[in-house]
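Just below is one structure, and these are the notes that go with it.
Every number here is computed from the coordinates shown, using simple stated rules; none is lab data. Quantities reported herein were computed from a predicted structural model and do not represent experimental measurements. As a convention, Cβ positions derive from the backbone with ideal geometry for all residues, glycine included, and neighbour counts pool all protein chains shown.
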Amino acid sequence: MAMTITKLHDHVGAEIGGVDLSRPLDEATFAAIEEAFYQSSVLVVRRQDLPPERQIAFSQRFGPLEVHILDQYQLAGHPEILLLSNKTDADGKPLGLVEAGRYWHTDVSFTEVPSMGSFLYAVEIPPAGGDTLFASQFAAYDALPQDWKERLAGLKALHGLNKTTAPKFTDAQLASVKGVEHPLIRTHPKTGRKALYAGTFALRVLDVSEAESDEILAFLRDHWAQDDIVYRHRWQANDLVMWDNRSVLHCATLFDARFIRHMHRTTVAGEKPV
Ligand SMILES: [Fe+2]
């Protein structure tokens, strides 16, 4: 069975067909998948029967995995797998993290070394809703007017948490979260392409006035997820979707909480954005 790579969108996303990720891949096949991942930013592989150890083994070929600090949400026996789930145990306690992230973001950009890749395997999904949206930040950068490219070059933003992203934090808790600085334009280490790097965790543009920071962030919010650069993933059970946090923003959407959404996530470590 020959592997196929089919674009899902002009700017972001490709579907890989003809592979069985439950079995080890040869070097050439993996290299083709890896290249497609960096070029397309999001890869979809449907109809996979992916036990946890195989998801871990496949994810690890992209780099070392991160273990989430919320150890109560790790899959028993497989700390590399974080459960995203609205299932509860017999006492009504959640088994996993109930997916937040219903705003445009790149994963944990409020840390010094944000995750490179997030790999999400759908075990159980609701009959409708719960789509994930992906916006190409290569395309967002390319579409910037030249004067904005020049204006943003060299600028950094402070990434942190606020009431939108951490609604349960008190003002004092939010104030205690030390933000980190990242460039607003980063260069992808594998492709050399420039990508816009902002999202909802970007709270303040540095070394400009507060008014100018507000103006820049308002412009970027209108720009970073325009319809023509967004791929909407409609989940099916047994999908593996993986995305490159260095070149996409993503956004979760609502689903009817009477239904179960249960997913296994692995996370590949990244590097400091430059
Ligand atoms: Fe996320």
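Taking label points 7 Å from Cα along the Cα-to-Cβ direction, R221 and D142 give a separation of 2.7 nm. Relative contact order, whole percent, for region 129-247 stands at 40, derived from Cα pairs under 8 Å and 6 or more residues apart.
Measuring how big the chain is from its alpha-carbon positions, Rg and Dmax come out at 18.6, 58 Å. Taking the centroid of alpha carbons for each part, region 64-90 and region 102-117 are 18 Å apart. The share of C-alpha pairs in region 59-191 whose separation exceeds 20 Å stands at 61 percent. Each residue of region 132-142 was assigned a 3J(HN,Hα) from its phi angle through the Karplus curve 6.51 cos²θ - 1.76 cosθ + 1.60 (θ = phi - 60°); the sequence is 10, 9, 10, 10, 5, 8, 5, 5, 4, 5, 4 Hz, with glycine and proline shown as x.
So how do 160-172, 63-75, 185-197 stack up, highest first, on mean other-Cβ count within 10 Å?
Values: 160-172: 12.5, 63-75: 14.5, 185-197: 18.6.
Listed from highest to lowest mean packing, they are 185-197, 63-75, 160-172.
Within the same chain, lysines fewer than 8 places from K93 are excluded, and of the rest, those with a Cα less than 25 Å from its Cα are K163, K168. With contacts taken as Cα pairs under 8 Å at a separation of at least 6 residues, region 63-203 carries a relative contact order of 22 percent. Highest mobility in the GNM of the chain, judged by mean-square fluctuation with C-alpha springs under 10 Å and restricted to W243, W104, W148, is found for W148.
For region 1-96, a/c is not less than 1.5, where a ≥ b ≥ c are the root eigenvalues of the C-alpha gyration tensor, and a/b tops b/c. That puts it in the prolate class. Neighbour counting of Cβ atoms within 10 Å sorts the residues S115, S59, fewest neighbours leading, into S115, S59. For region 159-262, the dipole from Cβ point charges (+1 on Lys and Arg, -1 on Asp and Glu) about the Cα centre works out to 560 debye, to the nearest 20.
A simple spin-label model places the labels of V123 and V177 2.7 nm from each other, with each point 7 Å out along Cα-to-Cβ.
If I take R0 = 51 Å and measure r between the Cβ atoms of A32 and E212 in this structure, what FRET efficiency does the formula 1/(1 + (r/R0)^6) give, to the nearest 0.05?
On the way: r = 45 Å, r/R0 = 0.87.
Computed FRET efficiency for A32 and E212: 0.70.
In summary, the lysines within cross-link reach of K149, defined as a Cα separation below 19 angstrom excluding same-chain residues under 8 places away, comprise K194.
Can you tell me the relative contact order of the chain? Whole percent, Cα pairs under 8 Å, sequence separation 6 or more. With pairs under 8 Å counted, the relative contact order is 33 percent.
Taking 12 Å as the straight-line reach from the Cα of K7, the aspartates and glutamates in range (excluding those fewer than 8 positions away in the same chain) are E15. With respect to the chain, whose longest principal axis is taken over its alpha-carbon atoms, helix 27-40 is tilted by about 40°.
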